[in-house]
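> Sharing a structure with you now.
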């Protein structure tokens, strides 16, 4: 089974966004990863609904929306209307996580939960059977181009063991510092989906870079 590659649109050239979307459409990437930031939960602001609402008109790729915001449950209707397949919320931002997960599924999307680097996977033990995916941050969220946090590889292996033990079908996604070297180790540890931003969009041949990641 090929690794799922989800290029992060945050690293695209927003002066030439149409060109970069067309490149992704031609590439072997199956998903597009969309990082929504509010400047509160993370120290940065990214794009919002005016951008993602237009994507469903120009791509058939799976839209994987990662909400790095406070109170993400307020936006389930908007995310669903934008055509998202996955709505991904942070464990740290949701004091009533089970309710949020239920609401995401009710809106016809697949619920996913993200853990920051310092958050142990043991906190997902009870909610795991309700999830379609877990995203492990391998950098501190908020900015692209950061150095990969090595402990993530061990964390992926631990999560894979928990998924197997709980008879879960949840995918394991990793975001941050992903390249061919770290990607290989993450896949070997049990990762299913690799989010890659600057590594893809800054490469001389992004389509070939995506192909190489998919082959890991």
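The values are calculated or read from the model by the stated rules, or taken from the named source; none is laboratory data. Small disclaimer: the values here were computed from a predicted structure and weren't measured. Cβ atoms come from the backbone with ideal geometry, glycine included; neighbour counts cover every protein chain shown.
> Does the range 56-73 contain at least one residue that is within 16 Å of residue 141 (Cα to Cα), free of Cβ contacts under 8 Å to residues at least 12 places away in the same chain and exposed (fewer than 15 other Cβ atoms within 10 Å of the Cβ)?
No - not one qualifying residue is present in the range 56-73.
> Could I ask something else about it? Taking the residues in the range 85-104 that are out of contact with any helix residue (DSSP H, G or I) (no Cβ under 9 Å at 6 or more places or on another chain) and more than 16 Å from residue 68 (Cβ to Cβ) as candidates, determine which candidate is modelled with the lowest pLDDT.
95
> Only one of 158, 146 is at pLDDT below 95, surrounded by fewer than 24 Cβ atoms within 10 Å (Cβ to Cβ) and more than 28 Å from residue 81 (Cα to Cα). Can you tell me which?
Details: 158 fails: at pLDDT below 95.
It is 146.
> Confirm whether residue 134 is without any contact (Cβ under 8 Å) to a residue 40 or more places away in the chain, over 21 Å from residue 100 (Cβ atoms) and assigned to a strand (DSSP E or B). Spell out how you get there, then give the answer.
Numbers: without any contact (Cβ under 8 Å) to a residue 40 or more places away in the chain: yes; over 21 Å from residue 100 (Cβ atoms): no; assigned to a strand (DSSP E or B): yes.
Answer is no for this residue.
> Of the residues 17, 24, only one is crowded, with 16+ Cβ neighbours inside 10 Å, modelled with pLDDT under 95 and closer than 24 Å to residue 212 by Cα; which?
It is 17.
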